[in-house]
Amino acid sequence: MSVAAPARIAFFLSDLDAGGAQRTIANLVNALPPDRFAAELVVARTSGAARDWLATDRRPVDLGCAQMRGALLPLRRYLAAARPDVLFATMVDANIVAALAARLGAHRPRLILRESNPHRARGDIGPLRRLAVRWAYGQADAVVALSHGVGRELIEDYGLDPGRVVTIHNPVDIGAWRRRAQAAQQAPWGTFGAGAPVLVAVGRLIRQKGFDLLLRALAKCRGGGFKARLVIVGEGPERATLEALAHELAVAERVLFAGFIADPASYYAHGDVFVLPSRWEGFGHVIVEAMACGLPVIAFDCPYGPADILGSGEGGVLVRPEDVDSLAAAIDRLLDVPAERARLAAGAQSVAERFSLARIATDYGRLIERVAARSVPCPS
């Protein structure tokens, strides 16, 4: 009896910057079983911290392109030489380039595109880009949405076939996060916050992540949050603006901008509550990381990912989108009521298990095999 050859899949990224899309693809490349999948990572530009997330035997193919618009011809040449069964891309511009390369090149692999964010909320998807997205996503054999809300929006806005839109959440290595958190002996912020509860937030310092809203909520806290300290882990173009806002709100002494931290497990381990104040979020990878480490979560019920994680009321609390007063009240409530905080913390780890790397990688593996076999993926 002959054994089927592994499905050859090329994952395409624009870069290896330390973002959620890069984390997801690195996790998948590392986790897909080699007896079923011959996976290769192809990157327009391979510099970036996400290189460290790949297993040592997973060397990415570098197309040597500083910008995405220069990646089309190199990607077409790669496809013609490597001849993968499936090309899998993620992020808007990489998806458009991948669709062009897959449909206009000498070798035409099956195509899976992954969408990580709602487009309506972003503000940077203009009319021409929307036309390109409509064409590109319409070419895909399957479109993966990170949350059910993102999937509905893609179908409604771009006229996609619902049978080809599949919701698969982000994979998180729950066990690894838990082990690293348990091994973190000391709080990484030193004497900052000594004797006070600590709120932890993680993300790039950009408008989407809503750290300005979190600072305003901190300033409005009058209960347990009034004495709380806030540690923000991340770097980005809005740092100076956020630091100035903290001073303007008279909370600067209670806020620590920790900068980019490759492994924030110790921050999760020693925090009291995790807060995600995003204006929009395709999924909310850091919510699951924090929950895996035993932290209860407060998040805005923004479009659309947090609801898929916290909608059951286990492990965390959802508050009205961009409602600073509601966020401040939720912070005060959780810090004032230790029993409620403990209840949510106890549920957090079981909720996190729903998004384990093994479970989600299995879902991706099934999708890839169905697409490679030219069968229509089952909608979720």
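The values are calculated or read from the model by the stated rules, or taken from the named source; none is laboratory data. Computed from a prediction, not measured in an experiment: that's the story for all the values here. All Cβ positions, even for glycine, are placed from backbone atoms using ideal geometry, and neighbour counts span all protein chains on display.
Within the option set A136, A81, being of a type in the set (A, V, I, L, M) and loosely packed, with under 15 Cβ neighbours inside 10 Å holds for one residue only, A81.
Among residues of the stretch 191-219 that are in a helix (DSSP H, G or I) and among the aromatic types (F, W, Y), those with a beta-carbon under 6 Å from a residue that is surrounded by fewer than 21 Cβ atoms within 10 Å (Cβ to Cβ) and modelled with pLDDT of 95 or more at least six positions away or on a different chain give the pairs F211/L242. Taking the condition of being more than 15 Å from L310 (Cα to Cα) and in contact with a helix residue (DSSP H, G or I) (Cβ under 6 Å, 6 or more places away or on another chain), how many residues in the stretch 341-363 meet it? Matching residues across the stretch 341-363 total 3.
Quick grid of which residues meet (1) closer than 27 Å to E153 by Cα; (2) β-branched (V, I, T):
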residue: G236; (1), (2): no, no
residue: F257; (1), (2): no, no
residue: A262; (1), (2): no, no
residue: R279; (1), (2): yes, no
residue: G282; (1), (2): yes, no
residue: F300; (1), (2): yes, no
residue: V324; (1), (2): yes, yes
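Scanning the stretch 282-300 for residues that are touching a Pro at 6+ places or on another chain (Cβ under 6 Å) and either part of a strand (DSSP E or B) or more than 21 Å from A18 (Cα to Cα) (or both) yields A299, F300. Taking the condition in a loop (DSSP other than H, G, I, E, B), surrounded by fewer than 18 Cβ atoms within 10 Å (Cβ to Cβ) and either at pLDDT 95 or above or acidic (D, E) (or both), does E322 pass? Criteria met by E322.
Please verify whether the stretch 124-137 includes one or more residues that are in contact with a strand residue (DSSP E or B) (Cβ under 6 Å, 6 or more places away or on another chain) and either in the same structural domain as Q22 (by TED's automatic domain parsing) or part of a loop (DSSP other than H, G, I, E, B) (or both). Scanning the stretch 124-137 turns up at least one residue that is in contact with a strand residue (DSSP E or B) (Cβ under 6 Å, 6 or more places away or on another chain) and either in the same structural domain as Q22 (by TED's automatic domain parsing) or part of a loop (DSSP other than H, G, I, E, B) (or both). If you go through the stretch 179-205 and pick out every residue that is buried (at least 16 other Cβ atoms within 10 Å of the Cβ) and either under 22 Å from R122 (Cβ atoms) or under 24 Å from the mean Cα position of the chain (by Cα) (or both), you end up with 12. On the basis of being surrounded by fewer than 24 Cβ atoms within 10 Å (Cβ to Cβ), of a type outside the set (S, T, Y) and closer than 30 Å to K209 by Cβ, does E115 make the cut? When the stated conditions are applied, E115 does not pass them.
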